[in-house]
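The values are calculated or read from the model by the stated rules, or taken from the named source; none is laboratory data. A quick note: this is a predicted structure, and the numbers were derived from the prediction, not measured. No Cβ is skipped: glycine too gets one built from the backbone with ideal geometry, and neighbour counts run over all protein chains shown.
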Amino acid sequence: MARKKKVCFVLPSLSGGGAERVAVHVLNALDPLVWDRSMYLFRREGPYLDAVDGSIALSSGAGGSRLGRWLALRRFFVETRPDLIVAFLSYLSVQSAASAARIGARVIFDQGTPISAFLHDPDYHWRLPWHRRTFSWASRLGYRRADAVVATSTGVAEDLVAKFGVAADRIHVVPNPIDLHAIARASNEAIDPAYEAALASPVIVAAGRLADVKNYPLLIEAIAVLRARVPVRLLILGSGGLESSLRALVSQKQLNHAVTFAGFQSNPWKYIARADVFALSSRYEGFGNVLVEAMACGVPVVATSSPGTRDIVSVGLDGLLVDRHEPEELAAALARVLEDSQLRARMAAEARRSATRFALPVIANVYDGVFRKVLA
């Protein structure tokens, strides 16, 4: 019987972002009869720690300085000698530690966002301009040296090729997986009675951190335009640093009676499932997990067009995409779905079917194929 190949996923922590959830889902789903699975964290923390399968060897560094964390990772590689290392975030540190360990491991970067968009995202504070330039230069070098890159969407892959010189034949487009069974269970749970009035039809639901990249001002301004023709409500699920400014915009637009901020919800799907439309107004998305989750709940989606959303939404079938990120355009797309009950019903049914493309077993099987190809 052939020796099981050792695969190790490396992350800064399991602190609750999309990349962390994907890493846990995929590693859990890989066949333990084929893969000797391990995970290494720079910091042993985060809400997904308990979600890691008990058969997976979970290791972590001792914190400390950046150099100390790097030395601990290199030592871990020397001791465990993985055949394949998959880096989620902290790509260059993982790559250099693997190289210094001299164990002959293949290294894959799992890239969830277009790097060029990340470099200009105001949510990430570059203290000095040369920091951004240095990171960009190091990324070009590092990504070219990686054995392979998994990109979450065609747009992310195209950005790597056009802006960072990565060879197209070393990029594998693999969308993020969605646990459809977990979403189905969660979406049937009872909602908080405090939000029943906010979910009275017609209602739009949006979900995501209250940050610049999600562009909630665009959505709020679109609601102001839309309410001239449809008495719609908006329920926003999420928390973040821009909440006060967004509440001020809602007041300025005289929408206090129509827009409700529900804060972070550990189970957003039970609210999303009760929406007439789910809206995503992001400046950019590398994929857009929440879109697929909304579709899995049987809800039509309307989203701004970006690298990730274009791979998810089949325009006119399960939702609509807005190419021009302007309030009038977004309002028109939302109105088209809200004002046509037959279209909305067809889109809802198709959305649920379309979401199965991203089911966890399907995507885990694709990852398995990529890993085998890289090791071959």
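Residue 321 meets each of the listed conditions (1) out of contact with any Leu (no Cβ under 6 Å at 6 or more places or on another chain); (2) farther than 24 Å from residue 230 by Cβ; (3) hydrophobic (A, V, I, L, M, F, W, C) apart from (2).
Under the condition of being within 16 Å of the chain's Cα centre (by Cα) and in a loop (DSSP other than H, G, I, E, B), the residues counted in the stretch 14-32 number 4.
Tell me, please, whether a residue that is closer than 30 Å to residue 228 by Cα and hydroxyl-bearing (Ser, Thr, Tyr) can be found in the stretch 357-370. Checked against the condition, which is being closer than 30 Å to residue 228 by Cα and hydroxyl-bearing (Ser, Thr, Tyr), the stretch 357-370 yields no hits at all. Among the residues of the stretch 221-233, is any at pLDDT 95 or above, more than 20 Å from residue 325 (Cα to Cα), under 18 Å from the mean Cα position of the chain (by Cα) and of a type outside the set (Phe, Trp, Tyr)? No; the residues of the stretch 221-233 include none that is at pLDDT 95 or above, more than 20 Å from residue 325 (Cα to Cα), under 18 Å from the mean Cα position of the chain (by Cα) and of a type outside the set (Phe, Trp, Tyr).
The residue list 203, 166 contains one member that is more than 25 Å from residue 17 (Cα to Cα), surrounded by 15 or more Cβ atoms within 10 Å (Cβ to Cβ) and without any contact (Cβ under 8 Å) to a residue 24 or more places away in the chain, which is 166. Those residues that are part of a helix (DSSP H, G or I) and not aliphatic (A, V, I, L, M), I need them from the stretch 43-58; list them, please. Residue satisfying the conditions is 50 alone. Considering the stretch 271-296, the residues that are over 14 Å from the mean Cα position of the chain (by Cα) and hydroxyl-bearing (Ser, Thr, Tyr) include one that is farthest from residue 174 (Cα to Cα), namely 271. Selection within the stretch 12-38: residues that are crowded, with 18+ Cβ neighbours inside 10 Å and in contact with a Ser or Thr (Cβ under 7 Å, 6 or more places away or on another chain). The member of this set that is modelled with the highest pLDDT is 38. Given the structure, is residue 23 under 18 Å from residue 142 (Cβ atoms) and either among the acidic types (Asp, Glu) or touching a residue at least 12 places away in the same chain (Cβ under 8 Å) (or both)? No, not satisfied.
For the stretch 59-82: of the residues being part of a helix (DSSP H, G or I) and under 27 Å from the mean Cα position of the chain (by Cα), which is nearest to residue 105 (Cα to Cα)?
73
Scanning the stretch 303-337 for residues that are out of contact with any strand residue (DSSP E or B) (no Cβ under 6 Å at 6 or more places or on another chain) and either outside any loop (DSSP other than H, G, I, E, B) or not assigned by TED's automatic domain parsing to the domain that holds residue 222 (or both) yields a total of 8.
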